[in-house]
Amino acid sequence: MEMIKTVNLHKSFGDLQVLKGVSETIEKGEVVSIIGPSGGGKSTFLRCLNLLEKPESGQIFFEGKEITGKHVDIDLHRQKMGMVFQHFNVFPHLSVAENITMAPMLLKGKTQAEANDMARELLNRVGLIEKYDEMPGKLSGGQKQRLAIVRALAMEPDVMLFDEPTSALDPEMVGEVLDVIKGLVDTGMTSVIVTHEMRFAREVSDRVLFMAEGNILEQAPPADLFDHPNHPRLQDFLSKVL
Amino acid sequence: MLSISGFQKAFEYIDLIKQGMICTLSLSALTVLFGFILALVLAICRLSNFKAAKFLATVYVEVIRATPLLVQLFIVYNILLAGISLPKFRLFGFIRFERFLPGVIALSLNSGAYLSEIIRSGIQSIDGGQTEAARSLGMTQWQNMQLIVLPQAIKNVLPAIANEFVTIIKESSICYTIGVQEIMYGVNSIKGATFSIGEPLIIAAVVYFCLTFPTSKIIAYFERRMSRGDRR
């Protein structure tokens, strides 16, 4: 079943064409990694999927419904698309628990007790339960990112979008965040992951997309893509990063 | 010339200064309240994508900032409220409401413009990632503003807001020109009774200092407390 389908997405920033007609389908339960050079359009493509960036033309379908059309309540669709950012973007004025409970209480009508239970369970899962009442300012980068992940999970999304989730982390904290993401994809969560962690992409993905120059130049299961790259642009890229 | 006996005489009328103090504080507190509400609306209008609201709010702020408060006060009192007969009663048994209200309106309209610039800069100081995170969870633009951006923005600009409150306490003295019985009005009354202006002026200066100095210190204290433990 199709989870997300894009048709011929175009997006420019000023004169710079970032997406040049991207068409792609993400199936339910699929884990898709997007790799490629900076400025190739990976993050822009991901951010278009929940319309944080508005494409100039093209269509996006989420669970069969077009979300790029007029009169679409994008806020409702976003509730089902969790997103994790490079710079965590945890809410510094709210406690760790409140970061998690706010959206479900506000948007899904959860009671305080239900939301608190959920926050405890989620924090337990990512090893942050002892930080329940702390303010995020006291957390390390890796802890902030784990909090950001469970904050998104608290909305019980159907798909998770990861925008370079480990790029802003100190090297020794990358592992703990990747472990959490791995644990999540193992539960069958549909995920789209923009990443520079090639080994991780190879390990968790069902499919890897190589994006450069505003389009998907090659895609394949990870073993094929990494071991037998066809496109010269991909061969060049892999020779530099592997 | 100042003299001990002059002060003694002035102190016989100290109740006028006390009343003035109550009036000045009421005037300033109401101004901060209404000015703050107006400022929020103006700041949000100026940052909105709605062109007309943006334009009107910008014009309003620029006009207020480019004209003297005294002129604004007189316009409110003599033109804006000229045709309206305000109820004549006395707040706390002495403040004439029909003079007090125009004072509150003029000061609020004025400080709203200045406060809106402060709040706007506060909103703009919040990282765009906060809004993206809130929107990605499904929050509406308004929920994001109300629950994520504004609480952080206002905390960031609290010192500037406190400063504005102190400024209002001082600038409210201008309301004596339309007969609001604040501290300067008390000074004038004492002058009329004792034929001496120096001593009541000195008393007024001391009273103003005693109102504003602790206010800024108290707010600085709360600011330190609030920022504790949540550095990013």
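The values are calculated or read from the model by the stated rules, or taken from the named source; none is laboratory data. Since we're looking at a predicted model, the values are computed, not measured. Cβ: placed from backbone, ideal geometry, glycine included. Neighbour counts: every protein chain shown. Accessible surface is based on the protein model in full, side chains and every heavy atom, while ligands, DNA and RNA are left aside. Shrake-Rupley method; radii C 1.70, N 1.55, O 1.52, S 1.80 Å.
Taken over region A:173-222, the criterion of being over 27 Å from A:LYS144 (Cβ atoms) and either among the aromatic types (Phe, Trp, Tyr) or open to solvent by 30 Å² or more (accessible area, probe 1.4 Å) (or both) is satisfied by A:ASP206, A:ARG207, A:PHE210, A:GLU213, A:ASN215, A:ILE216, A:LEU217, A:GLN219, A:PRO221. Restricting attention to region B:68-90, the residues that are open to solvent by less than 50 Å² (accessible area, probe 1.4 Å) and under 25 Å from B:MET21 (Cβ atoms) total 5. Could you grab me the full set of residues in region B:74-106 that are touching a Cys at 6+ places or on another chain (Cβ under 7 Å) and under 13 Å from B:THR31 (Cβ atoms)? Once the filter is applied, which keeps residues that are touching a Cys at 6+ places or on another chain (Cβ under 7 Å) and under 13 Å from B:THR31 (Cβ atoms), region B:74-106 yields only B:GLY103. Considering only residues that are surrounded by 19 or more Cβ atoms within 10 Å (Cβ to Cβ) and among the aromatic types (Phe, Trp, Tyr), look in region B:139-181 and name the one that is modelled with the lowest pLDDT. Of everything passing the filter in region B:139-181, B:PHE165 is modelled with the lowest pLDDT.
Of all the numbered requirements in (1) open to solvent by 70 Å² or more (accessible area, probe 1.4 Å); (2) at pLDDT 95 or above; (3) of a type outside the set (Ser, Thr, Tyr), A:ARG47 misses one, and that requirement is (1).
Within region B:195-214, the residues that satisfy the criterion of being open to solvent by 70 Å² or more (accessible area, probe 1.4 Å) and among the β-branched types (Val, Ile, Thr) are B:ILE197, B:ILE202, B:VAL206.
Within region B:175-200, the set of residues being over 24 Å from the mean Cα position of the chain (by Cα) and of a type in the set (Val, Ile, Thr) comprises B:ILE190, B:THR194, B:ILE197.
Open to solvent by 60 Å² or more (accessible area, probe 1.4 Å), under 24 Å from A:SER191 (Cα atoms) and at the interface with chain B (Cβ under 9 Å from one of its Cβ atoms): is that true of A:LEU76 in this structure? Judged against the criteria, A:LEU76 is a match.
Restricting to region A:116-143, name every residue that is at the interface with chain B (Cβ under 10 Å from one of its Cβ atoms) and either free of Cβ contacts under 8 Å to residues at least 40 places away in the same chain or touching a Leu at 6+ places or on another chain (Cβ under 6 Å) (or both). Answer for region A:116-143, where residues must be at the interface with chain B (Cβ under 10 Å from one of its Cβ atoms) and either free of Cβ contacts under 8 Å to residues at least 40 places away in the same chain or touching a Leu at 6+ places or on another chain (Cβ under 6 Å) (or both): A:GLU134, A:LYS138.
Restrict the check to region B:14-21 and report whether at least one residue is β-branched (Val, Ile, Thr), in contact with a Pro (Cβ under 9 Å, 6 or more places away or on another chain) and farther than 16 Å from B:GLU171 by Cβ. Break it down stepwise before answering.
Pass one, region B:14-21, residues β-branched (Val, Ile, Thr): B:14, B:17.
The next check asks that each one be in contact with a Pro (Cβ under 9 Å, 6 or more places away or on another chain); those that pass are B:17.
The next check asks that each one be farther than 16 Å from B:GLU171 by Cβ; those that pass are B:17.
Scanning region B:14-21, I find at least one residue that is β-branched (Val, Ile, Thr), in contact with a Pro (Cβ under 9 Å, 6 or more places away or on another chain) and farther than 16 Å from B:GLU171 by Cβ, so the answer is yes.
Out of B:ALA133, B:ALA113, one residue alone is within 14 Å of chain A (Cβ to nearest Cβ), part of a helix (DSSP H, G or I) and open to solvent by less than 10 Å² (accessible area, probe 1.4 Å). It is B:ALA133.
Table: residues versus (1) more than 19 Å from B:GLU164 (Cα to Cα); (2) touching a Leu at 6+ places or on another chain (Cβ under 9 Å).
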residue	(1), (2)
B:LYS51	yes, no
B:PHE97	yes, yes
B:ILE119	no, yes
B:GLU132	yes, yes
B:TRP142	yes, no
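Identify all residues within region A:86-115 that are open to solvent by less than 10 Å² (accessible area, probe 1.4 Å), at the interface with chain B (Cβ under 7 Å from one of its Cβ atoms) and in contact with a Pro (Cβ under 9 Å, 6 or more places away or on another chain); write none if there are none. Correct list: A:PHE91 only. When you scan region A:64-81, do you find a residue that is in contact with a Phe, Trp or Tyr (Cβ under 6 Å, 6 or more places away or on another chain) and either more than 30 Å from A:LEU147 (Cβ to Cβ) or not in a loop (DSSP other than H, G, I, E, B) (or both), even just one? Yes: one or more hits. Please enumerate the residues belonging to region B:1-37 that are touching a Ser or Thr at 6+ places or on another chain (Cβ under 6 Å) and modelled with pLDDT of 90 or more. B:THR24, B:LEU27, B:SER28, B:THR31, B:PHE34, B:GLY35, listed by residue number. Of all residues assigned to region B:21-35, none qualifies as being of a type outside the set (D, E, K, R), outside any helix (DSSP H, G or I) and open to solvent by 70 Å² or more (accessible area, probe 1.4 Å). A:MET155 fulfils the conditions (1) modelled with pLDDT of 95 or more; (2) aliphatic (A, V, I, L, M); (3) under 26 Å from A:VAL18 (Cβ atoms) except for a single criterion, (3). All conditions but one from (1) out of contact with any Gly (no Cβ under 8 Å at 6 or more places or on another chain); (2) within 30 Å of A:ILE100 (Cβ to Cβ); (3) open to solvent by 50 Å² or more (accessible area, probe 1.4 Å); (4) among the acidic types (Asp, Glu) apply to A:GLU164; the one that does not is (3).
When each of A:GLU176, A:GLU218 is tested for being within 30 Å of A:HIS231 (Cβ to Cβ), in contact with a helix residue (DSSP H, G or I) (Cβ under 6 Å, 6 or more places away or on another chain) and away from every other protein chain (no Cβ under 14 Å), the lone residue that passes is A:GLU218. Just to be sure, is A:LYS54 open to solvent by 30 Å² or more (accessible area, probe 1.4 Å), more than 14 Å from chain B (Cβ to nearest Cβ) and in a loop (DSSP other than H, G, I, E, B)? Considered against the rule, which asks whether it is open to solvent by 30 Å² or more (accessible area, probe 1.4 Å), more than 14 Å from chain B (Cβ to nearest Cβ) and in a loop (DSSP other than H, G, I, E, B), A:LYS54 comes out as no.
Among the residues of region B:94-102, is any touching a residue at least 60 places away in the same chain (Cβ under 8 Å), touching a Phe, Trp or Tyr at 6+ places or on another chain (Cβ under 6 Å) and assigned to a helix (DSSP H, G or I)? Even if it seems obvious, please write down each step before you answer.
Keep residues of region B:94-102 that are touching a residue at least 60 places away in the same chain (Cβ under 8 Å), which gives B:94-96, B:99-100, B:102.
Those still in the list that are touching a Phe, Trp or Tyr at 6+ places or on another chain (Cβ under 6 Å) too: B:102.
Within this subset, residues satisfying the condition of being assigned to a helix (DSSP H, G or I) are B:102.
Yes, the conditions are met somewhere in region B:94-102.
In the set A:VAL32, A:VAL7, only one residue is out of contact with any helix residue (DSSP H, G or I) (no Cβ under 9 Å at 6 or more places or on another chain), open to solvent by 20 Å² or more (accessible area, probe 1.4 Å) and not in a loop (DSSP other than H, G, I, E, B); that residue is A:VAL7.
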